[in-house]
Structures are given as structure tokens and as C-alpha cells.
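Everything below concerns the one structure shown next.
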Amino acid sequence: MSSPAVAASSTTRSIVWFRKALRVHDNPALLAGIKGNAVSASQPVFVLDPWFCKPSRVGSNRMRFLLESLRDLDASLRSVGSSLLVLHGEPRVVLPRACKSWDVNLVTWEHDIEPYAKVRDLAVRGALERAGVECTSVSGHTLYDVDEVLKKCKGPPPTTYQGFFENCRVYGRARGGDGGA
């Protein structure tokens with residue numbers, strides 16, 4: 001799910017856009033944002049998207065849990081010499097602005113399959129690529145990449161656990177089943 005390199009450069013400054021996987025360990029988007037000798041700096045960010053922050057979408061307990069999770073993530077990042085920056089606004093606006101301000105040329109995030117997320121991610125990818133920023137989206141919060149599973153289905157996708165289990169033989173080993181992603 002990586003876009004072609006928009007601009008070749010000798011060093012890469014990246015943003016790792018945290019969304020659902022608010023953890024440092026076993027985080028494919030984080031690994032994609034820091035791997036390789038060409039990455040000179042990486043800034044972890046979380047975007048408080050106004051679409052999600054509406055009281056009709058998120059209650060006080062859920063928001064409290066999110067804020068506690070962000071504090072925990074920041075503490076985990078600080079323990080390895082980094083920190084979390086929380087941005088507020090529409091991701092398609094604030095991420096390109098941050099990339100321009102910080103001279104970033106790579107943004108990584110975890111692939112999301114929810115309807116709003118698909119539309120949002122397409123808009124973010126378009127805005128970033130127009131700004132000359134490479135985008136990498138990786139699968140990570142499900143055992144199998146849902147899009148890949150749907151491609152491999154012959155006919156409709158399984159709707160029962162038994163059907164899913166039978167198809168697992170076709171899909172191969174689950175993410176992390178071999179000790180890695």
C-alpha cells in the first residue's frame with residue numbers, strides 16, 4: 001500500500017501517524033516510519049480529528065480512555081527517546097501542513113477498513129502526494145489484511161467463523177504467527 005516515491009532524496013524525515021494501534025511494540029506503521037538507513041528523523045503524531053470528537057460519536061468515558069491511551073503511548077515513546085505530538089484538525093489539512101513545516105517526505109500509518117477511514121485516508125493520501133510526500137499504509141490491527149482476504153475469496157466472503165476458518169488454509173499463516181509481522 002505504499003505509493004511510489006514522489007521525490008528521491010538521500011535522507012528521509014517521517015511522520016508516523018498513530019490511529020488505532022496506540023502502542024510502540026508490534027506496530028507495523030511505526031516500523032515502516034523508522035526503518036532503513038535513509039530515515040534521519042521520525043515524529044510520532046496523533047490527530048484529534050473533529051469528526052471523531054463530536055459528542056454524538058464519542059462519549060466522555062471513551063474520550064477519557066483515548067486521552068489515557070495517548071498519555072501511555074507518549075510515555076512509551078519517551079522511554080525510547082521520542083515523544084508523541086498531538087495535532088488537532090482535519091487530517092487532510094494538518095498532516096500536509098506539518099510535513100511542510102518539518103520538511104517531512106514520508107508519512108506512515110496503519111491501514112483502516114472502516115467507511116469513514118477509507119474516505120479520510122484517500123483524501124489524506126491525495127493531499128500528501130500533491131505536496132510531494134510519500135505515503136505508506138500498512139496492515140496491522142487485524143490478523144489478516146482484509147483487502148487481501150477479499151481478493152483471495154472465490155465468491156462472497158465468509159460470513160461465519162467456520163467459513164473463515166476453512167479459508168485460513170488458503171490465506172496462509174496469520175500476521176505474527178511466525179514471530180514477526
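The values are calculated or read from the model by the stated rules, or taken from the named source; none is laboratory data. Owing to the predicted nature of the structure, the values given are computational and were not obtained by experimental measurement. We place every Cβ from the backbone using ideal geometry, glycine too, and count neighbours over all the protein chains shown. Remember, those area values only see protein heavy atoms, side chains included, never the ligands or the DNA or RNA. Shrake-Rupley method; radii C 1.70, N 1.55, O 1.52, S 1.80 Å.
Checked against (1) among the acidic types (Asp, Glu); (2) open to solvent by 40 Å² or more (accessible area, probe 1.4 Å); (3) at pLDDT below 95, Glu90 meets all criteria but (3). The residue list Leu70, Leu150 contains one member that is without any contact (Cβ under 8 Å) to a residue 40 or more places away in the chain, surrounded by 11 or more Cβ atoms within 10 Å (Cβ to Cβ) and not polar (S, T, N, Q), which is Leu150.
Scanning segment 40-65 for residues that are touching a residue at least 24 places away in the same chain (Cβ under 8 Å) and either surrounded by 16 or more Cβ atoms within 10 Å (Cβ to Cβ) or among the polar types (S, T, N, Q) (or both) gives Ser40, Ser42, Gln43, Pro44, Val45, Phe46, Val47, Leu48, Asp49. Within segment 80-93, the set of residues being in contact (Cβ under 8 Å) with a residue 12 or more places away in the chain and either in a loop (DSSP other than H, G, I, E, B) or not hydrophobic (A, V, I, L, M, F, W, C) (or both) comprises Val80, Ser82, Ser83, Leu84, His88, Gly89, Glu90, Pro91, Arg92.
Rundown of residues vs (1) in a loop (DSSP other than H, G, I, E, B); (2) open to solvent by 20 Å² or more (accessible area, probe 1.4 Å), yes/no style:
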residue	(1), (2)
Leu95	no, no
Cys99	no, no
Val104	yes, no
Val107	no, no
Tyr116	no, yes
Asp121	no, no
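Of all residues in segment 154-174, none are in a helix (DSSP H, G or I), more than 18 Å from Ala32 (Cα to Cα) and in contact with a Ser or Thr (Cβ under 8 Å, 6 or more places away or on another chain).
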